1. Specify the residue that is farthest from the other protein chains (Cβ to nearest Cβ); the eligible residues are those in region B:132-163 that are of a type in the set (A, V, I, L, M, F, W, C) and in contact with a Ser or Thr (Cβ under 6 Å, 6 or more places away or on another chain).
2. Just checking, which of B:L67, B:L77, B:L51, B:L42 is of a type in the set (A, V, I, L, M) and either out of contact with any helix residue (DSSP H, G or I) (no Cβ under 7 Å at 6 or more places or on another chain) or not assigned by TED's automatic domain parsing to the domain that holds B:I327 (or both)?
3. Identify, by number, the condition in (1) within 11 Å of another protein chain (Cβ to nearest Cβ); (2) part of a loop (DSSP other than H, G, I, E, B) that A:A166 doesn't meet.
4. Determine whether A:V138 is at pLDDT 95 or above and assigned to a strand (DSSP E or B).
5. Would you confirm whether or not region B:10-17 contains a residue that is modelled with pLDDT of 95 or more, among the hydrophobic types (A, V, I, L, M, F, W, C) and farther than 24 Å from A:L161 by Cα?
6. Find the residue count for region B:16-30, including only residues that are more than 8 Å from chain A (Cβ to nearest Cβ) and surrounded by 24 or more Cβ atoms within 10 Å (Cβ to Cβ).
7. Tell me which residues, restricted to region B:169-205, are facing chain A (nearest Cβ under 8 Å) and under 19 Å from A:I321 (Cβ atoms).
8. Tell me which residues, restricted to region A:34-49, are surrounded by 24 or more Cβ atoms within 10 Å (Cβ to Cβ) and either closer than 22 Å to A:D73 by Cβ or of a type in the set (A, V, I, L, M) (or both).
Protein chains: 2
Amino acid sequence: MSDALRTDLYQLTMMQAYWKSGHNPESTFDYFVRKIPSGSYLITAGLSYLLDYIENLHFENDEIEYLRTQDFDEEFLKTLQDFKFTGDILAMPEGSIAFAIEPIIRVTAPIIEAQLVETFLLNKMNFSTLIATKASRVAYAAKGRAIAEFGLRRAQGDGHLEATRATYIGGCASTSNVLAGKELGIPVSGTMAHSFVTSFDHEIDSYRAYADAFPKRCFLLIDTYNTIEGAKKAVIVGRELEKRGEKLLGVRLDSGNLCELSKHVRKILDDGGLEYAKIVASGDLNEWKIDELMNNGARIDIFGVGTELITGRPNPALDGIYKLSDIVENGKHVPKMKLSEEIVKTTLPGKKIVWRIMENGKFKKDVITLENEIVNEGAPLLETVVRKGKIVCDRPSLTEIRQNAAMNFSKLPDIYKKLEGAPAYPVEFSRGLIQLRADSVERIKREEIRQ
Amino acid sequence: MSDALRTDLYQLTMMQAYWKSGHNPESTFDYFVRKIPSGSYLITAGLSYLLDYIENLHFENDEIEYLRTQDFDEEFLKTLQDFKFTGDILAMPEGSIAFAIEPIIRVTAPIIEAQLVETFLLNKMNFSTLIATKASRVAYAAKGRAIAEFGLRRAQGDGHLEATRATYIGGCASTSNVLAGKELGIPVSGTMAHSFVTSFDHEIDSYRAYADAFPKRCFLLIDTYNTIEGAKKAVIVGRELEKRGEKLLGVRLDSGNLCELSKHVRKILDDGGLEYAKIVASGDLNEWKIDELMNNGARIDIFGVGTELITGRPNPALDGIYKLSDIVENGKHVPKMKLSEEIVKTTLPGKKIVWRIMENGKFKKDVITLENEIVNEGAPLLETVVRKGKIVCDRPSLTEIRQNAAMNFSKLPDIYKKLEGAPAYPVEFSRGLIQLRADSVERIKREEIRQ
């Protein structure tokens, strides 16, 4: 199976209309995000999926057979047998910091090809970028304490694997998802469930059974009946482990007042000689709750975060879009844009690139320019990743992507990392782009009136 | 590949702890939803995935090999080579109407088996049920107008296919997702993109090209520059189609004041002799916006809904859980429950079933009883779907599931369908269940104190 049909029907019907009208100009599309759901920045992710897709893009016989049932032209279907992507793609590497309106990916190809890839690109980039960004915010709120991703059970179905990958890029330390461990090499972690505790006659029996089975990676869940009593029993089992030359890794709180309980439990562990045992907290956590816990001095070492991380709650979708900005007609570039009564839906014309200006080792501002404009300072953010249909960029490992994201994030001034009330990061348009936009609006209005 | 590792690490570590301590009692777990995100009811979906999973559940060599890297006991890993699910599962069929707290699925098996399936069950049931329910609300708001699902680009990655399946169960009429058309047989539909319009020098050229390529399924997008002018051009192309013996299917609005524009465009189409052409509206729609449009007399025939449907926004996760309720010890059933300082986290003990009482062909109330209690009226909602590890139920087609959902929904009194302010549907506990719960709380508190 290829991924060619992982697309919207209208991409295929438009392809046929382009083909039939003989209108297949070289075209350029920008992928960008109109509005960032929370905060001022994005951590980009998902490019690896797009590159794999481009490399493998073709139509199999059964796929063409299905399209035959949907009123497609027989001659057009024949052309799909030899379909491949032949264009160029520029992109910010995975783990980049990006801002609203900036082109994150730029696709230049015959429009029949550029159109097909839209839906897959949006599906992958929107989701991975959403979740990597969310993870970055959650990790930031935890001020260096580890985030364990526990979201598989509340994930949006099969989206869980790419979501977990994105949480790791964004800064999570581990996942409960064993498949993500096996397939992606992400460290896996976990504790025990309430059912494990309740399945035994006594809470302490369940602790002993678990400690016996996993003496080297034993976290005990202490809130099934009474958290304080649970902590005391954990101390008993922790000391039993010590006699065997092992150490209790820690305990988990999953309900109640996590801040107060963590302080109380810390004291019980410390008084019991288990200063080394860590406290994990979980239970509908998010960046705001973690921030509050940290500000109130909670003694939590690891935050287990599920639903919010894996779905991006309360914003489960990123409104990234893919818009036509340039077409070559009779050998000349014609800038394109969409006007709209809703100003936010108006797009930027022309083949563009993005530059980042630094100051004292930190990001100062970005500038979007036309491709051929000269910029005296700054570094370009878009790299050529596909040339004439072939992948020409490095393919960093997941660990390297994660490291790059952390390095980039360290250069973002703290003011833009604020969970609430972060100002908009300055993204400027070059003189050439401003002029082109004004000219394009004029031209479109004139041409439409003339008809 | 099997789906055995599509689980949380702690399921596997608990399995080893159960195995090592020789504690593998027959246990019963309930899947239920604590709180419904919006509205008063759920449309259940996802059971098909669970049945496929159960049928195929085993560990492959490479999966065991991965676990070997994670500190598992060699003897335990050997037992996984022969692992299979041998228990019983009762479930509400897909497309049932369910309410909070009611067991939707009940799993009875040796606890090592029952524990493993938890995560997969939650991942599939939570998401499919969430989206089927959302789709039902959106379709209900549209009062019989069709809902076209357009969400692939904003879906949570690979979750899109099961999401689209759930929207169809919940009442959507079609999808833009071609893969869902091919794999699941869902009708596919679509119009055209703004880029198609802007890629031509003049809007009307793009309309003619599309009408020429798809004369029998031509919808034209009319808001790229000016919606009213777009509608007039659509009339021109519609009349050109008529001369060829074809008919314009309709036009699409994607921005602006959809209500006012739809009335204006309807008049333009009607005045142009295109009374038959339909109006599709899209653009961040949801059940509330559709309700408002319908109440204001919008002339919209088809609503294209994307992000909200496919992600369940603003509630992207269902908090369905899987809780231990009974264990067999020394041949005797011991009811189990979790106490909690948060009352909503306290669970119901015992092996339970659910009955639905009807009145005048409509649902009146549900009653949760213990398995052996006699109920004088009503019909049981849970069916045996797996017995001793084998699937023993019918496997209805997607179309049948969709029809069953519609039939069930027609029996739900209108008051519970309200988008806002629907009352809670009456779900009662039997006398036996109330008594068992009180006894269990007492027993647990006594036993924990005694330790």
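The values are calculated or read from the model by the stated rules, or taken from the named source; none is laboratory data. Please read these numbers as outputs of a predicted model, since none were measured by experiment. FYI the Cβ positions are ideal-geometry reconstructions off the backbone, even for glycines, and counts take in every protein chain you see.
1. Here is the first cut: in region B:132-163, the residues of a type in the set (A, V, I, L, M, F, W, C) are B:132, B:135, B:138-139, B:141-142, B:146-148, B:150, B:152, B:155, B:161, B:163.
Now narrow it down to the ones that are in contact with a Ser or Thr (Cβ under 6 Å, 6 or more places away or on another chain): B:135, B:148, B:150, B:152.
Working: B:A135: 14, B:A148: 10, B:F150: 7, B:L152: 6 Å.
That would be B:A135.
2. Values: B:L67 fails: either out of contact with any helix residue (DSSP H, G or I) (no Cβ under 7 Å at 6 or more places or on another chain) or not assigned by TED's automatic domain parsing to the domain that holds B:I327 (or both); B:L77 fails: either out of contact with any helix residue (DSSP H, G or I) (no Cβ under 7 Å at 6 or more places or on another chain) or not assigned by TED's automatic domain parsing to the domain that holds B:I327 (or both); B:L42 fails: either out of contact with any helix residue (DSSP H, G or I) (no Cβ under 7 Å at 6 or more places or on another chain) or not assigned by TED's automatic domain parsing to the domain that holds B:I327 (or both).
Answer to the check: B:L51.
3. Unmet for A:A166, out of (1) within 11 Å of another protein chain (Cβ to nearest Cβ); (2) part of a loop (DSSP other than H, G, I, E, B): (2).
4. Working: at pLDDT 95 or above: yes; assigned to a strand (DSSP E or B): no.
Considered against the rule, which asks whether it is at pLDDT 95 or above and assigned to a strand (DSSP E or B), A:V138 comes out as no.
5. Filtering region B:10-17 down to residues modelled with pLDDT of 95 or more leaves B:10-17.
With among the hydrophobic types (A, V, I, L, M, F, W, C) added as a condition, the list becomes B:12, B:14-15, B:17.
Within this subset, residues satisfying the condition of being farther than 24 Å from A:L161 by Cα are B:17.
Checking region B:10-17: at least one residue is modelled with pLDDT of 95 or more, among the hydrophobic types (A, V, I, L, M, F, W, C) and farther than 24 Å from A:L161 by Cα.
6. Final tally of qualifying residues: 2.
7. Our first condition is that a residue be facing chain A (nearest Cβ under 8 Å); within region B:169-205, this holds for B:176-179, B:181-182, B:188-196, B:198-204.
If the condition is that a residue be facing chain A (nearest Cβ under 8 Å) and under 19 Å from A:I321 (Cβ atoms), then B:S176, B:N177, B:G190, B:T191, B:M192, B:A193, B:H194, B:S195, B:F196, B:T198, B:S199 are the ones that fit.
8. Correct list: A:L42, A:I43, A:A45, A:L47.
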